[in-house]
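The values are calculated or read from the model by the stated rules, or taken from the named source; none is laboratory data. Remember, it's a predicted structure, so these values are computed and weren't measured experimentally. Cβ sites come from the backbone with ideal geometry, for glycine too, and all protein chains shown count toward neighbours.
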Amino acid sequence: MTGICDGRVVVVTGAGRGLGRAHALAFAAEGARVVVNDLGVGLDGTPDPDSPARLVAEEIRAAGGEALAHGGDIATSDGAASLVRAALETYGRLDTLVNNAGFLRDRMLVNLAEDDWDAVMRVHLKGHFLPLQHAAAHWRTETKAGRTPQARIVNTSSGAGLLGSVGQGNYSAAKAGIVGLTLVAAAELARYGVQVNAIAPAARTRMTERAFADTMAAPSDGFDAMAPENVSPLVVWLGSEASAGVTGRVFEAEGGRITVMEGWRPGPTADRSARWTPAEAGETARKLLGEAETPAPVYGA
């Protein structure tokens, strides 16, 4: 197999199903050797008796590619370290990390248990940070040895992280945190030859099947806009050397649409160079709000 990722070694977390599986297969189709990570748990994070990582790795090998299954918990330091080590010991290098693993425990905020908050933060936010940290440490060592890599990290945020989503306070907060992590990592790791970007995908997966229940049927025109495979081409490009110079950006991907998301930036401003009274501050804030763009609504509001 040859393609834009020919010769690269790519790690994809949460790659046993849905978006992660689509990414792993797409990277393999473009010539990458893929480490397929999946803990093998259910939608809510509880143990699953199947081994989806092994099945995806076998699928890649059956198509003529190279793949390795990894079942470690990447939300632990040992698990994340073993993931990076698996790539290095098996293939001798690591070029791209795609952080994708996650699950849902949706509740309205007043009913959201602390355990459900912690579990979602752990798998999404900590599960991004630890693989990123261990991969970055390897690339820093390579750079200090005079072998600056062309490394790539692709993180997975969500529209919920950009706009919020009713009933998903834990998930929205975690996904917003991933955007912040992406921006900091892009700034800190550039010196080591690492580019870091994030995607906010919309696709039909186990996590979103209820939201997209009305689009489950196959489309009559042959194009399934909600198929996870539609998101993967952008992820593969971001994970390849072809994306040189692109870092610290967030892309929304859905169906045949790609959007560069533009984050917080200064809007209307007033400065009196002195302290406001509360009444004056409120009057000024209302005036500025009248000049500002209306924010997009929270999902489900």
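General observations
- Among the residues of region 4-31, those that are at negative phi and small (Gly, Ala, Ser) comprise Ala15, Gly16, Gly20, Ala22, Ala24, Ala26, Ala28, Ala29.
- Residues within region 141-196 that are of a type in the set (Lys, Arg) and either buried (at least 18 other Cβ atoms within 10 Å of the Cβ) or not in a helix (DSSP H, G or I) (or both), tallied: 3
- In region 42-52, the qualifying residues are those that are surrounded by 15 or more Cβ atoms within 10 Å (Cβ to Cβ) and over 18 Å from the mean Cα position of the chain (by Cα), and the one that is modelled with the highest pLDDT is Pro52.
- Taken over region 169-187, residues that are at pLDDT 95 or above and in contact with a helix residue (DSSP H, G or I) (Cβ under 8 Å, 6 or more places away or on another chain) amount to 12.
- Residues of region 254-267 that turn out to be surrounded by 13 or more Cβ atoms within 10 Å (Cβ to Cβ) and over 30 Å from Ala26 (Cα atoms), as a count: 0
- Taking region 249-298 as the range and being without any contact (Cβ under 8 Å) to a residue 24 or more places away in the chain, assigned to a loop (DSSP other than H, G, I, E, B) and farther than 30 Å from Val235 by Cβ as the test, the residues that pass are Pro266, Thr269, Ala270, Asp271, Arg272, Ser273, Ala274, Arg275, Trp276, Thr277, Thr294.
- Flag for Thr182 being of a type in the set (Ser, Thr, Tyr) and without any contact (Cβ under 8 Å) to a residue 12 or more places away in the chain: no
- Within region 95-103, not a single residue is touching a residue at least 12 places away in the same chain (Cβ under 8 Å) and assigned to a helix (DSSP H, G or I).
- Given (1) surrounded by 20 or more Cβ atoms within 10 Å (Cβ to Cβ); (2) of a type in the set (A, V, I, L, M, F, W, C); (3) in contact with a helix residue (DSSP H, G or I) (Cβ under 7 Å, 6 or more places away or on another chain), number of the condition Val123 does not satisfy: (3)
- Only a single item in (1) within 23 Å of Ser240 (Cα to Cα); (2) touching a Leu at 6+ places or on another chain (Cβ under 7 Å) is not met by Lys144, and it is number (2).
- Selected residue (criterion: surrounded by the most Cβ atoms within 10 Å (Cβ to Cβ)) from residues of region 220-253 that are more than 15 Å from Val196 (Cα to Cα) and small (Gly, Ala, Ser): Ser232
Listed here are the residues, each with its yes/no results for (1) within 20 Å of Ala203 (Cα to Cα); (2) touching a residue at least 60 places away in the same chain (Cβ under 8 Å).
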| position | (1), (2) |
| --- | --- |
| Arg21 | yes, yes |
| Gly31 | no, no |
| Pro52 | yes, no |
| Ala62 | no, no |
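- All told, Arg152 meets the bar of being among the basic types (Lys, Arg) and touching a residue at least 60 places away in the same chain (Cβ under 8 Å).
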